[in-house]
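One structure is given here, and the rest of the page talks about it.
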Amino acid sequence: MNLAFPTIDTELYAILNAVSDPEIPVLSIVQMGVVRAARIGDHGVEVTITPTYSGCPAMDVIGDDIRKALKDEGYQSTVKLVLSPAWTTDWITSEGRAALEKYGIAAPLSPDADKEALLGNRRIVKCPQCKSTNTKLISQFGSTACKALFQCEDCLEPFDYFKCLK
Amino acid sequence: MSNHLVQYICGIADNSLILGQRLGELCGHGPSLETDIALTNISLDLFGQVRSYFQYAAELQGDQSSEDTFAFLRKEREYRNVLLVEQPNTDFAYIIGRQFLFDVYHQLFLEKLQSSSDQTLAAIAKKSLKEVTYHVRFSSDWVIRLGDGTEESHNRMSAAIEDLWIFTEELFSCTELEKEMSNSALGVDVSLLREAYLNRVHAVLNEATIAIPDVKYFQKGGKQGIHSEHMGYILTEMQYMQRTFPNMTW
Ligand SMILES: [Zn+2]
């Protein structure tokens, strides 16, 4: 089983892909990799979601939003939260990464590059505004635990970098 | 057996709960915006982990217990966190020192707990470890930055490590419960973590130009529920809402 790909019934895909991440509204919860499974069963739809970070305060809202979106389309549903396998930034889809960049958040680098960037050893995080890599780490924790704060030394814009979690 | 497992899980969770509460006190009071946000984000990670532990403990207990009754309705002697995490936010060097001395332990502990024969505990550990890896990096960086910084920051960082060192040995003293849990492959034998801990801590302290404390006397008791004078104040604030308005929810 390839864990990167969730098992979502075709009929449900568009509905779930329209539910946005409460903290990064340009991204859907499917693009974020938070939805792990969605199946139509005898007792309605069963959706399995996993948190990005343990303390992610958005999980309750995501559960409510899923139930509401499915109800609007005539499905009763139950939403189950699982911790294993643990979420990784690899599960953010390529559309999701593009949406992040467009929104002004730098998408996660590979684990090794991420470590170098966060230790301030190499300037490799690309500014989502001007695409320069002449950027520096301001803080290892940005607006939420999943992001770090960087600043571009060329256009001077501060921006969030989505940290690699693997 | 199940009752012992519940107690064991609560002990693990209590460390993160009380440290998370200490860090939460700093919300809006950090020395700079970035550190304020970082410390409260770490607090949030810890609370998230605590919720997973307590939800599981409540499920095992199978009575009217919930994550809230574990977090808010126990008495001081029933909390089993180590003394280190309840120490006050004296100054930024203390906050960083306490964080660093706990983070290094926490990472080593979770690395082992990942192999617990209990699948839920293993899953929580695996998830938490990813987050704690960032915590260690943050606190280690600051120990180095302050230790190898100005004369003032060096002195304060050294004083914090010197003062907090007496609480480190408790991390590795196995209680009867911890022995039982590690013997049955559910838990971690913390006494085996000491060597790796000292190696990692010494490496950072060396880089920070901070002398490794030469301490012969260590203070313990938290794991037995015997806490320092600070604990009552933490619980008073933390439990206030649930005690005043029982069963309240947000
Ligand atoms: Zn730029």
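For B:ASN89 and B:ASP63, compute 0.36 nm times the residue count separating them, minus their Cα-Cα distance, and round to one decimal in nm. Walk me through the numbers on the way to the answer.
Values: separation 26, 0.36 × 26 = 9.36 nm, distance 3.65 nm.
Length gained between B:ASN89 and B:ASP63: 5.7 nm.
Return the average number of partner chain Cβ atoms within 10 angstrom of each residue Cβ along peptide B:117-129.
Values: counts 0, 0, 1, 2, 0, 2, 5, 4, 2, 4, 10, 4, 1.
Taking all residues of B:117-129 together, the mean is 3.
Taking amide H as placed 1.01 Å from N in the peptide plane, A:ARG36 has its amide H under 5 Å from the amide H of A:THR48, A:ILE49, A:THR50, each at least 5 places away in sequence or on another chain.
Computed from label points 7 Å out along Cα-Cβ, the spacing between B:LYS75 and A:LYS71 is 4.3 nm. The GluC sites (Glu not before Pro) of the stretch B:172-250 meeting both criteria, a DSSP state outside H, G, I, E and B (loop) and at most 13 other C-beta atoms within 10 angstrom of the site's C-beta, are B:GLU229. Can you tell me the 0 to 90 degree angle between the C-alpha axis of helix B:151-164 and the longest principal axis of chain B, rounded to 10? Taking Cα atoms only, the helix is inclined about 40 degrees.
Which of rounded, prolate, oblate describes the stretch B:2-244, given a ≥ b ≥ c as roots of the alpha-carbon gyration tensor eigenvalues and a/c under 1.5 marking rounded, otherwise prolate only if a/b is larger than b/c? Walk me through the intermediate numbers first.
On the way: a/c = 1.72, a/b = 1.38, b/c = 1.25.
Prolate, since a/c reaches 1.5 and a/b exceeds b/c.
Peptides B:241-249, B:58-66, A:75-83 ranked from most to least packed give A:75-83, B:58-66, B:241-249, packing being the mean of other C-beta atoms within 10 angstrom over each peptide's residues.
If you take the square roots of the eigenvalues of the alpha-carbon gyration tensor of the protein assembly as shown and sort them as a ≥ b ≥ c, do you get rounded (a/c under 1.5), prolate (a/b over b/c) or oblate? Spell out each step's value before the answer.
Details: a/c = 1.87, a/b = 1.19, b/c = 1.57.
Since a/c reaches 1.5 but b/c is at least a/b, the shape of the protein assembly as shown is classed as oblate.
At q = 0.14, 0.16, 0.24 Å⁻¹ the log10 of I(q)/I(0) for the stretch A:104-162 amounts to -0.29, -0.38, -0.89, computed by Debye summation with a single uniform scatterer per C-alpha, solvent ignored. When you filter the chymotrypsin sites (Phe, Trp or Tyr not before Pro) in the stretch A:96-166 for DSSP loop state and at most 10 other Cβ atoms inside 10 Å of their Cβ, nothing is left.
Roughly how many debye, to the nearest 20, is the charge dipole of the protein assembly as shown about its Cα centre, given +1 on each Lys and Arg Cβ, -1 on each Asp and Glu Cβ, and no other charges?
For this selection, approximately 440 debye.
Rounded to the nearest Hz, the phi-derived 3J(HN,Hα) couplings of the stretch B:229-244 under the Karplus curve 6.51 cos²θ - 1.76 cosθ + 1.60 (θ = phi - 60°) are 4, 6, 4, x, 5, 4, 5, 4, 6, 5, 8, 3, 5, 5, 6, 7, where x marks glycine and proline. Using only Cα positions of the stretch B:114-181, each an equal point scatterer, no hydration layer, compute I(q)/I(0) via Debye at q = 0.13 Å⁻¹ and quote the log10 values to two decimals. Cα-only, vacuum Debye calculation for the stretch B:114-181: -0.62. Taking 0.36 nm per residue of sequence separation and removing the Cα-Cα distance, the B:GLU237/B:HIS4 pair yields an extension gain of 81.1 nm. Where both bridge residues fall in the stretch A:1-159, DSSP classifies roughly 65% of the beta bridges as antiparallel. Summarising the label geometry, the points placed 7 Å from Cα in the beta-carbon direction at B:THR209 and A:LEU81 lie 4.6 nm from one another. Multiplying the residue separation of B:GLU229 and B:ARG145 by 0.36 nm and removing their Cα-Cα distance gives an extension gain of 27.1 nm. Expressed to the nearest 5 percent, the antiparallel share of DSSP beta bridges inside the stretch A:7-89 is 50 percent. Each label point was placed 7 Å from the Cα along the Cα-to-Cβ direction; for A:GLN129 and B:LYS216 their separation is 6.0 nm.
Here, each number is a calculation from the coordinates, and none is a lab measurement. Everything numeric here is computed off the predicted structure, so don't read it as measured data. All Cβ positions, even for glycine, are placed from backbone atoms using ideal geometry, and neighbour counts span all protein chains on display.
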